[in-house]
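Novice: Can you read through this structure? Questions will come right after.
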Amino acid sequence: MLEIGTPAPDFTLPDQDGIARSLSDYRGSKVILYFYPKDMTAGCTKQACAFGELFPQFREKGAVVLGVSKDSVASHKRFEEKFGLPFTLLSDPEKEVIQAYDVWKEKKLYGKVSFGVVRTTYLIDGDGIIVRAFDKVKAADNPRQMLGELG
């Protein structure tokens, strides 16, 4: 996990519509950058839908929400449409941003070891500095937690 007080690595990734989005596009706004394992899975759906429900409150507080996974643009589009997600989903199939933000980790499930995205959320201020970082977050609770972090 990246350290609080350090500059957030800039990146450019395609969103669910195939439009290139850069972190630097959001300078001047608070950014909730959350990394999740996979579209359409139970935990990831709970997290995304909760961010969606709270989205108007995030906007009121001057924040944007960006979700990142290694799923394809097409997968993100289906996820957005199925659940009516009002925020940007970014596709990182090469795991460049996932690795830059140190969320690609060894995971153990039922004794089996594999690598994958550890559910992690960063709060980045308007100057591009990481001000909060949470790893191994609880999917359903994370959006409300992040809303609280905005004050």
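Every read-out reported here was derived from the displayed coordinates using simple, explicitly stated rules and does not represent laboratory data. All values reported here derive from a predicted model rather than from experimental measurement. Note: ideal-geometry Cβ built from the backbone for every residue, glycine included; neighbour counts use all protein chains shown.
Novice: All other residues with a Cβ under 11 Å from the Cβ of residue 143 taken together, and with Lys, Arg as +1 and Asp, Glu as -1, what is their net charge? Before the final figure, lay out each step's value.
Specialist: Details: positive: 46, 138, 144; negative: 53, 141, 149.
Within the 11 Å Cβ shell, the charges total 0.
Novice: Using only C-alpha atoms and all pairs of different ones, pull out the Kirkwood radius for the range 83-151 in Å with one decimal. Before the final figure, lay out the partial values.
Specialist: On the way: mean 1/r = 0.0711 Å⁻¹.
Radius from the Kirkwood sum: 14.1 Å.
Novice: Which entries in the list 46/136; 82/108; 46/82; 30/70; 30/107 go over 21 Å, if you measure between the two C-alpha atoms of each?
Specialist: Correct reply: 82/108; 30/70; 30/107.
Novice: If I model a spin label as a point 7 Å beyond the Cα along the Cα-Cβ vector, how far apart are those points for residue 20 and residue 83 in nm?
Specialist: Distance between the two pseudo-spin positions: 2.8 nm.
Novice: Ok, one more. Compute the FRET efficiency between residue 29 and residue 131 as 1/(1 + (r/R0)^6), taking r as their Cβ-Cβ distance and R0 = 22 Å, and round to the nearest 0.05. Don't skip to the answer; put the middle values down first.
Specialist: Values: r = 13 Å, r/R0 = 0.59.
That gives a FRET efficiency of 0.95.
Novice: Rounded to the nearest 500, what is the 222 nm mean residue ellipticity of the chain from helices alone, with -39500 (n - 2.57) per DSSP H run of 4+ residues and division by all residues? Walk me through the numbers on the way to the answer.
Specialist: Values: 4 runs with 43 residues, N = 151.
That comes out to -8500 deg cm²/dmol.
Novice: Quick one: plug the Kirkwood hydrodynamic radius of the range 7-67 (C-alpha pairs) into Stokes-Einstein at 4 °C, 1.567 mPa s, and report D in µm²/s.
Specialist: Values: Rh = 12.8 Å.
After rounding, the answer is 101 µm²/s.
Novice: For the chain, which span is the longest to avoid every loop-located (per DSSP) member of GluC sites (Glu not before Pro) having at most 10 other Cβ atoms inside 10 Å?
Specialist: On the way: sites that count: 3, 94.
The longest uninterrupted stretch comes out as 4-93.
Novice: Turning to a different aspect of this structure: With label points built 7 Å along Cα→Cβ from the Cα atoms of residue 99 and residue 145, find their separation and express it in nm.
Specialist: 2.7 nm
Novice: Kirkwood Rh over Cα pairs of the chain into Stokes-Einstein at 37 °C, 0.692 mPa s: D in µm²/s?
Specialist: It comes out at roughly 215 µm²/s.
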